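The values are calculated or read from the model by the stated rules, or taken from the named source; none is laboratory data. None of the values given here were measured: they were computed from a predicted structure. Here the Cβ positions follow ideal geometry from the backbone for every residue, glycine too, while neighbour counts run over all protein chains shown.
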Amino acid sequence: MLLSRVVKRIFLFTELAQASPMRAALAPLGHDITVRGFHGAWFDCPIAMPPDLVVIEPAPLRNVSALAPALASHPVLAAVPWLLVLDPERCHVAAQLSCHDFVLRGFPKEEAIIRIERALRHRPERESLLRSGMLTIDLRGRQALVRGVAIPTTPQEFALLRHLVQNTGRAFTREALLDAVWGRDYGGGSRTVDIHVRRLRVHLGHSAAGLVTVHGVGYKWQASE
């Protein structure tokens, strides 16, 4: 049974590894499923690969109260609907969470499919353009424009620029940028960030002044006056 003719990207964060019931429910749906473990409230989701839906499956009896603020502040997942697996004994906490929907542990696969379908159909509308000086970032079209002219960027260059502009004024270490844009599983070193910054500066032309090196730290985007 397919939820849609369009293949969607779904991230499943589970603490149950191969024993995950949600993993078994998602497997036959025909979507692009990425399964990741998680610990504490850290969700490894590279900004270059935003999913259409996130499903979170904690271990039984896990305290889930810390998950909501972590998701609300995440550079990618804050704008993505998420579905939570809850213990029946703790379903009362659902009203306090910002999840789009939830399913009780022990769910039948048919119920999980219906709830996932509803979540995929109700992606929140979000601002599609970011502007900073002469730079415009089209989030929907996934392109950057300087003075209205699109500049050539690779997916990783675009993701890096978007992350910096969305957090204007905040300095990031190279390691933090690697985690946010490439993900913790990426095996490259911090020089990868320097290479992408150098290429972005070439693409940006005069607007490259906004991409600032913070000595001893890393990089930030500085809004033009």
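Among the residues of segment 8-44, what is the count of those that are out of contact with any Gly (no Cβ under 7 Å at 6 or more places or on another chain) and either under 24 Å from residue 140 (Cβ atoms) or assigned to a loop (DSSP other than H, G, I, E, B) (or both)?
15
Which helices (runs of 4 or more DSSP H) does segment 152-225 wholly contain that include 2 or more residues that are without any contact (Cβ under 8 Å) to a residue 12 or more places away in the chain?
Answer list for segment 152-225: 191-204.
Kindly indicate which of 150, 180, 171 is farther than 20 Å from residue 45 by Cβ, of a type in the set (A, V, I, L, M) and crowded, with 17+ Cβ neighbours inside 10 Å.
It is 171.
Taking the condition assigned to a strand (DSSP E or B) and outside the structural domain of residue 36 (by TED's automatic domain parsing), does residue 144 pass?
Criteria met by residue 144.
For residues that are of a type outside the set (Phe, Trp, Tyr), under 11 Å from residue 203 (Cβ atoms) and surrounded by 15 or more Cβ atoms within 10 Å (Cβ to Cβ), tally how many sit in segment 153-168.
The qualifying residues number 3.
Within segment 100-123, can you find the residues that are at negative phi and in a loop (DSSP other than H, G, I, E, B)?
To start, the set of residues in segment 100-123 that are at negative phi comprises 100-105, 107-123.
Matches in segment 100-123: 100, 105, 107, 108, 122, 123.
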